[in-house]
Amino acid sequence: MMNTSCGTTHGHGHVHSHRPAKSNGRKRDVICPYCHETDEVIPILYGFPTDKAFLMADRGEIYLGGLDISPYNYYCKRDDREF
């Protein structure tokens with residue numbers, strides 16, 4: 001069964017998350033629960049990536065999560081962990 005709720009890309013390469021990236025007009029930093037830092041946390045993209053998504057992943061801006069959607073929305077590059 002495919003999960004089509006938040007956390008999917010709906011086939012167009014956009015990252016959808018349960019937690020909004022912005023709050024009250026200001027960027028909200030996501031804190032890694034393992035290292036308690038924000039600077040190495042990136043969103044996870046599920047589904048078929050576009051060419052743009054592959055480039056973003058190569059630059060370390062997003063993490064490609066694959067086709068199977070998991071409950072995780074973020075990836076910490078420092079700890080190499082999803083959360």
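The values are calculated or read from the model by the stated rules, or taken from the named source; none is laboratory data. In this text, all values refer to a predicted model and were calculated from it rather than measured experimentally. Note that each Cβ is placed from the backbone with ideal geometry, even for glycine, and that neighbours are counted across all protein chains shown.
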Inset, instruction - Find the residue count for region 72-83, including only residues that are assigned to a loop (DSSP other than H, G, I, E, B), free of Cβ contacts under 8 Å to residues at least 40 places away in the same chain and under 14 Å from T38 (Cα atoms). - result: 2
Legend entry - Subset of region 33-65 (residues that are part of a loop (DSSP other than H, G, I, E, B) and within 18 Å of D79 (Cβ to Cβ)): P33, Y34, C35, H36, E37, T38, D39, E40, G60, E61, I62
Inset, instruction - Starting from region 45-59, keep only residues that are of a type in the set (S, T, N, Q), then list their pairs with residues that are in a loop (DSSP other than H, G, I, E, B) whose Cβ atoms are within a distance under 6 Å, requiring at least 6 positions of separation or different chains. - result: T50/G13
Inset, instruction - Please work out which one of (1) in a loop (DSSP other than H, G, I, E, B); (2) touching a Ser or Thr at 6+ places or on another chain (Cβ under 9 Å); (3) modelled with pLDDT of 95 or more; (4) surrounded by 14 or more Cβ atoms within 10 Å (Cβ to Cβ) is the condition I69 fails and give its number. - result: (3)
Inset, instruction - Scan region 39-66 for residues that are farther than 17 Å from D29 by Cα and buried (at least 18 other Cβ atoms within 10 Å of the Cβ) and jot them down. - result: L45, Y46, G47, P49, A53, M56, G65
